[in-house]
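Let me begin by presenting the structure, written as structure tokens, before commenting on it.
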Ligand code: G5P
Ligand code: MG
């Protein structure tokens, strides 16, 4: 599908709720560009930039990185995608971040994946990632074709340092305290649509149908402009 008007969206949900997995499917179905704040931070850590090394301790302890740093990084990436339709994953995660995003653009929609915390904990310890692309696998749910290797590039997969059971517990706490208020922020603006469930394969058809309705509307609006 070729988009005719710029479509800007955010995907939210607790750690491990399937934001990366669903984003990948949205990218393939609707051609939106995917930008993940976690992938940006991990790319910095991997490249051993000064910022990456500074942020690594925060991430490994399951804490959020400071608002001003992540907002600067993400908004700079969004400016580079100024003429594209995009899906933002993992940002905003605090009300201050949501306000900084608002000051830059108007969103078309916010998708919220509501997956119970008990479901999430099991998933993260069996996750494997391809760091350069952000592609995610799971030894139970979507294993790579060859164990330990990325399906597309054949490069080795790794496990995230913040996927240990203790850190996952801290990440879920940070989500409850700092990110749940962002859901209310978007709900009060009438922008939030929530998809509940315990399995991505059951949630996905609903997300797909929702976006299929939203995106042609954006195209119709552009024809009237
Ligand atoms: P991230 O990288 O944004 P999180 O914690 O928000 O990390 P995460 O862990 O990346 O979110 P996800 O993207 O929601 O999870 O989930 P996923 O990767 O698609 O799926 C998780 C696993 O479950 C995968 O192995 C997948 O294959 C599997 N899976 C999916 N669906 C199913 C299913 O139906 N069944 C089963 N069995 N498995 C399934 O952020 C990382 C850190 O960076 C910092 C913070 O420190 C954060 O903790 N950070 C920020 N700090 C401040 N502000 C921000 N805006 C920040 N953004 C990042
Ligand atoms: Mg993710």
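All of the numbers you see were taken from the coordinates with simple rules; none came from a lab. All values derive from a computational prediction rather than experimental measurement. Virtual Cβ from ideal backbone geometry, glycine too; neighbours counted across all protein chains shown.
Collect the residues in segment 64-78 that are over 19 Å from residue 169 (Cβ atoms) and in a loop (DSSP other than H, G, I, E, B), keeping them in residue-number order.
So in segment 64-78, the residues over 19 Å from residue 169 (Cβ atoms) come out as 66-78.
Within segment 64-78, 66 is the sole residue that qualifies.
Can we say residue 126 is free of Cβ contacts under 8 Å to residues at least 24 places away in the same chain, surrounded by fewer than 19 Cβ atoms within 10 Å (Cβ to Cβ) and farther than 20 Å from residue 36 by Cα? Before you say what the answer is, go through the steps one by one.
Values: free of Cβ contacts under 8 Å to residues at least 24 places away in the same chain: yes; surrounded by fewer than 19 Cβ atoms within 10 Å (Cβ to Cβ): yes; farther than 20 Å from residue 36 by Cα: yes.
For residue 126, the condition - free of Cβ contacts under 8 Å to residues at least 24 places away in the same chain, surrounded by fewer than 19 Cβ atoms within 10 Å (Cβ to Cβ) and farther than 20 Å from residue 36 by Cα - is met.
I'm trying to understand the selection: among the residues of segment 80-96, which are more than 16 Å from ligand 2 (Cβ to nearest atom) and in contact (Cβ under 8 Å) with a residue 24 or more places away in the chain?
Step one: list which residues in segment 80-96 are more than 16 Å from ligand 2 (Cβ to nearest atom), which gives 80-85, 94-96.
Within segment 80-96, 81, 83, 84, 85, 94, 95, 96 meet the criteria.
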